[in-house]
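The values are calculated or read from the model by the stated rules, or taken from the named source; none is laboratory data. Just so it is clear, the model here is predicted, and its values are computed rather than measured. Neighbour counts run over all protein chains shown; Cβ positions are idealised from the backbone, glycine included. Only protein heavy atoms, including side chains, enter the accessible area calculation; ligands, DNA and RNA are left aside. Shrake-Rupley method; radii C 1.70, N 1.55, O 1.52, S 1.80 Å.
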Amino acid sequence: MKHDNYFKITLPALSRNESFARAAVSAFAAQLDPTVDKIGDIKAAVSEAVTNCIVHAYADSPVVGVVEITAKIKDDTLYIKIRDKGCGIDDIKQAMTPLFTSKPEEERAGLGFAVMESCCDKLKVTSTPGKGTTVTLTVRLDKKELA
Amino acid sequence: MSVELISRDNGIVAVITGEIDHHAAAQIRTEIDFALERQTPSLLIFDMSGVTFMDSSGIGLILGRQRITESYGGAVAVKNPSPCARRIITLAGLSTLIIEGKKENKNEAR
Ligand SMILES: Nc1ncnc2c1ncn2[C@@H]1O[C@H](COP(=O)(O)OP(=O)(O)O)[C@@H](O)[C@H]1O
Ligand SMILES: [Mg+2]
């Protein structure tokens with residue numbers, strides 16, 4: 001018998017939560033019996049998306065913002081949604097261009113989206129300026145054994 | 001994450017162990033920059049053999065230190081990066097900074 005599975009967490013947008021966020025998603029993904037490389041991919045992609053919420057989305061916010069992470073497993077595919085209610089992105093195409101960063105003074109490399117793209121099968125970014133951003137990462141995992 | 005700084009000849013080796021993300025990078029940066037300011041080493045080597053996780057914040061860390069060392073004629077290199085670190089470094093087009101060599105050991109420092 002197969003059931004879809006999911007979890008949802010919300011975290012304050014604090015940098016000390018970056019490691020917890022990627023660990024939580026990779027622990028959830030473990031039920032699909034991923035390879036060590038796949039776990040590394042998932043951790044890197046989640047880390048990039050969550051860091052962007054912390055570094056960019058709430059950069060001008062007077063209060064600590066919220067990051068919402070939803071992960072869903074359907075068949076052998078993991079869908080991860082990382083959402084903030086921050087400043088949004090005016091020009092998504094420009095934002096996703098490798099090496100583009102709006103914060104060079106903070107030593108951002110402008111490679112977050114490039115890492116997400118290379119680590120996932122699919123990357124979708126939707127954003128409304130002033131309202132927030134949602135990044136959806138899709139990772140296909142070839143289950144060694146269907147439960 | 002831990003960072004250990006080893007001075008030898010006119011270089012500094014920064015042995016980074018554990019996870020390099022945006023949170024950890026801030027601390028690593030502070031420790032290394034303090035040493036750079038005092039010693040202006042001609043070569044800063046990041047020993048990344050013990051890095052268990054790295055995202056693009058690690059690239060910002062390397063490039064930021066490269067900017068500082070180059071400002072006084074120095075350079076940076078990345079020694080024996082672990083597979084996950086190597087992957088991000090290669091993706092960033094920085095594989096020319098990678099060097100291979102003997103594992104750093106503090107006890108052998110002069
Ligand atoms: N969640 C977000 N909210 C607002 N802006 C964002 C968000 N994510 C990314 N951006 C914008 O997209 C740019 C590129 O992101 P990225 O590729 O991760 O590079 P970096 O984080 O190093 O700047 C950022 O500099 C920022 O301007
Ligand atoms: Mg980023």
Problem - Of all residues in the stretch A:37-60 being open to solvent by 30 Å² or more (accessible area, probe 1.4 Å) and among the aliphatic types (A, V, I, L, M), the one that is farthest from ligand 1 (Cβ to nearest atom) - result: A:39
Practice task
Might you check whether a residue that is within 14 Å of chain A (Cβ to nearest Cβ), crowded, with 18+ Cβ neighbours inside 10 Å and free of Cβ contacts under 8 Å to residues at least 60 places away in the same chain occurs anywhere in the stretch B:9-20?
Solution key: yes
Problem - Subset of the stretch A:79-136 [under 22 Å from residue A:64 (Cα atoms) and basic (Lys, Arg)] - result: A:81, A:83, A:85, A:103, A:108, A:131
Exercise for the section: State which residue pairs qualify: first residue open to solvent by 30 Å² or more (accessible area, probe 1.4 Å) and in a helix (DSSP H, G or I) and inside the stretch A:108-133, second residue of a type in the set (Asp, Glu) and more than 12 Å from ligand 2 (Cβ to nearest atom) in any location, beta carbons under 9 Å apart, and separation of 6 or more residues or different chains. Expected result: A:118/A:41
Problem - Subset of the stretch B:88-108 (residues that are part of a loop (DSSP other than H, G, I, E, B), open to solvent by less than 80 Å² (accessible area, probe 1.4 Å) and in contact (Cβ under 8 Å) with a residue 24 or more places away in the chain) - result: B:92, B:94, B:104
Practice task
Looking at (1) in contact (Cβ under 8 Å) with a residue 12 or more places away in the chain; (2) in contact with a strand residue (DSSP E or B) (Cβ under 9 Å, 6 or more places away or on another chain); (3) closer than 23 Å to residue A:113 by Cβ, find the lone condition where residue B:59 falls short.
Solution key: (2)
Fill in the blank from the handout: Result of the Cβ filter at 8 Å on the stretch A:1-22, keeping first residues that are away from every other protein chain (no Cβ under 14 Å) and in contact (Cβ under 8 Å) with a residue 60 or more places away in the chain and partners that are surrounded by fewer than 14 Cβ atoms within 10 Å (Cβ to Cβ) and among the small types (Gly, Ala, Ser), at least 6 apart or interchain, is A:2/A:147
Practice task
Being away from chain A (no Cβ under 14 Å), of a type in the set (D, E, K, R) and in a helix (DSSP H, G or I) is the filter here, so list the residues in the stretch B:32-87 that pass it.
Solution key: B:37, B:38, B:70
Fill in the blank from the handout: Restricting the stretch A:94-103 to residues that are in contact with a helix residue (DSSP H, G or I) (Cβ under 9 Å, 6 or more places away or on another chain) and part of a helix (DSSP H, G or I), the one farthest from ligand 1 (Cβ to nearest atom) turns out to be A:96
